[in-house]
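The values are calculated or read from the model by the stated rules, or taken from the named source; none is laboratory data. Keep in mind it's a predicted model, so treat the numbers as computed, not measured. All Cβ positions, even for glycine, are placed from backbone atoms using ideal geometry, and neighbour counts span all protein chains on display. These area figures cover heavy atoms from the full protein model, side chains too; ligands, DNA and RNA do not enter into them. Shrake-Rupley method; radii C 1.70, N 1.55, O 1.52, S 1.80 Å.
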Amino acid sequence: KQLAAENLSKELQANQNIIMGILDAAFHALFVINEKCIIQMVNKKSCEVFGWTQEEFIGKNINLIMPDHVAVNHNHYMKHYLETGVKNMIGTQREVTARRKDGSTFPCILGLSETQQSGMICGFIRDLTEEKAHQAAILEKQLAAEN
């Protein structure tokens, strides 16, 4: 039994390493939070985009990455969702503003989904900074060409 338990433990650890490897290979930032809005997991892209380490993220409220005017109400939104089941953001994607460790903000696409098994919320964030800069440059060229 001891050997079987050790083998199972090694297999579980190997599977966890595979899953984290896949998540860390993602092109976009990933956050997993619990029902109290506490960050349970982030991938490497989250650290690159936002400037915090995994250790700094884990155990903190997700409002850490929100501008103040959004962060102040976020826990209330989650509480309302848990009490009513009404999903305003979960299951959708929309453009929002996020905040980095240095306090700077940037445009991004935020997609939220709920895991069925654990009740955790997964947030997927795509930084739009370069895309918006590219669009602005194109618009500037078009305007210059018209004049």
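Just to be sure I follow the definition: excluding the sites themselves, where is the longest run in the chain that has none of the trypsin sites (Lys or Arg not before Pro) in a DSSP loop with at most 12 other Cβ atoms within 10 Å? Intermediate values should be presented prior to the final figure.
On the way: sites that count: Lys1, Lys36, Lys87.
Result for the longest clean stretch: 88-147.
In deg cm²/dmol, rounded to 500, what helix-only [θ] at 222 nm does the chain give when every DSSP H run of at least 4 residues adds -39500 (n - 2.57) and the total is split over its residues?
Working: 5 runs with 69 residues, N = 147.
So the helix-based figure for the chain works out to -15000 deg cm²/dmol.
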Please turn the phi angles of the stretch 13-20 into ³J(HN,Hα) values with the Karplus equation 6.51 cos²θ - 1.76 cosθ + 1.60 (θ = phi - 60°), one per residue in order, whole Hz, x for glycine and proline.
5, 4, 5, 4, 5, 5, 4, 5
Sorted largest first, the C-alpha extents of the stretch 44-106 along its principal axes in whole angstrom are 34, 24, 21
Share of Cα-Cα pairs in the stretch 1-50 beyond 12 Å, in percent?
69 percent
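Kirkwood hydrodynamic radius (Cα pairs, Å) of the stretch 9-91? The partial results should precede the final answer.
Working: mean 1/r = 0.0701 Å⁻¹.
One decimal place: 14.3 Å for the Kirkwood radius.
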Expressed in whole Å with the largest first, what are the equivalent ellipsoid semi-axes of the stretch 85-139 derived from the C-alpha gyration tensor as the square root of 5 times each eigenvalue?
28, 13, 9
Relative to the chain, whose Cα atoms define the longest principal axis, helix 68-84 and its Cα axis are tilted in degrees, nearest 10, by 50 degrees
Along the stretch 90-104, what does the Karplus equation 6.51 cos²θ - 1.76 cosθ + 1.60 (θ = phi - 60°) give for ³J(HN,Hα), rounded to whole Hz, x for Gly and Pro?
5, x, 10, 10, 7, 7, 9, 10, 10, 10, 8, 4, 6, x, 6
Rounded to 10°, Cα long-axis angle of helix 129-146 versus longest principal axis of the chain
20 degrees
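Across the chain, how large is the tail of the calculated P(r) beyond 25 Å, expressed as a percent of all Cα pairs? Each step should come with its number before you reach the end.
Values: 4259 of 10731 pairs.
Within the chain, distances greater than 25 Å cover 40 percent of Cα pairs.
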Can you send over the solvent-accessible area of Val49, 1.4 Å probe, protein chains only, in Å² to the nearest 10?
20 Å²
Taking amide H atoms as placed 1.01 Å from N in the peptide plane, list the residues 5 or more away in sequence, or in a different chain, whose amide H sits under 5 Å from that of Ala29.
Ile125, Asp127
Amide H contacts under 5 Å for Glu35, placed H, 5+ residues apart:
none
